1. Of (i) 9, 33, 30, 16, 9, 3, 0; (ii) 10, 38, 37, 14, 1; (iii) 9, 34, 36, 17, 4, 0, which is the value of P(r) over Cα pairs in 10 Å bins from 0, in percent derived from the coordinates here?
2. For Arg120, what is the net charge nearby, where nearby means another residue's Cβ is under 12 Å from its Cβ and Lys, Arg count +1, Asp, Glu -1?
3. If you place +1 on the Cβ of every Lys and Arg, -1 on the Cβ of every Asp and Glu, and leave all else neutral, what size is the dipole of region 60-120 about its Cα centre, to the nearest 20 Debye?
4. Go ahead and collect, in residue order, the members of region 109-124 whose backbone nitrogen is under 16 Å from a label point 7 Å along the Cα-Cβ direction of Phe38.
5. By how many degrees, 0 to 90 and rounded to 10, does the Cα axis of helix 88-100 deviate from the longest principal axis of the chain?
6. Against the longest alpha carbon principal axis of the chain, how many degrees, from 0 to 90 and to the nearest 10, is the axis of helix 166-180 turned?
7. So which trypsin sites (Lys or Arg not before Pro) in region 43-120 end up in coil per DSSP with only 10 or fewer other C-beta atoms within 10 Å?
8. Please state the charge dipole magnitude for the chain, taken about the Cα centre, from unit charges on C-beta atoms (+1 on K and R, -1 on D and E), reported in debye and rounded to the nearest 20.
Amino acid sequence: MSPRKHDHPFEFCPRCGREDLRFDERNRFNCESCGFVFYQNTAAACGAILTLRGDGESDRILLVRRGREPARGKLDFPGGFIDPGESAEAALAREIREEIGMEVSDLRYFHSAPNRYPFRDVLYHTCDLIFTGTIAGAPAHLEEGEIEDFLLFAPGEIRLEDIAFPSLREAMALYLGSLDAR
């Protein structure tokens, strides 16, 4: 894929202030004036495939509808970026509380995949860490601006093309495949 303007958001060196930054094939910025090197490392993000266990009916999978770009209106997993100093599990528990007002105690690592997340003219490369867990009921609240709605799906009702990002579509396909294998 060829670089786009937002793939390389920096124009000036943060050390010397000159306009001599060059982006190389190792995903780093090099200043030709002072020798400064800035590594544009992958950002860590997390999400959860949450299942509502049914009483006598089939289990349902909770997905949320995104309330903002990128991919506004598409389906998503509750989750978000991992803050400095946070574990993936702590970040995911925080994001689930913020976004849908729920506590999930049985989060288990499931899958990871790279992703490209364009936001405000900057392209963030992420590694999305996906977990599974169960919930006891419907969300207590939805984070205003972030989440438009929540939906509960039987596994056979989920259309992968309605899910916001390739990494999440990949994880959901694997998850649904694991249910079929049971």
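Since every read-out is calculated from the coordinates, none of them should be taken as a lab result. On a predicted model such as this, the values are computed, not experimentally measured, just so you know. Methodologically, a virtual Cβ is constructed for each residue, glycine included, from the backbone with ideal geometry; neighbour enumeration extends over all protein chains shown.
1. The listed entry that was calculated here is (i).
2. Working: positive: Arg68; negative: Glu69, Asp121.
Net local charge, Arg120 excluded: -1.
3. With Lys and Arg at +1 and Asp and Glu at -1, about 460 debye.
4. Output list for this probe position: 121-124.
5. Computed tilt is about 70 degrees.
6. Around 30 degrees separate the two axes.
7. Passing both the DSSP loop test and the Cβ count: Arg120.
8. Details: 22 positive and 32 negative charges, 99 e Å.
The calculation lands at about 480 debye.
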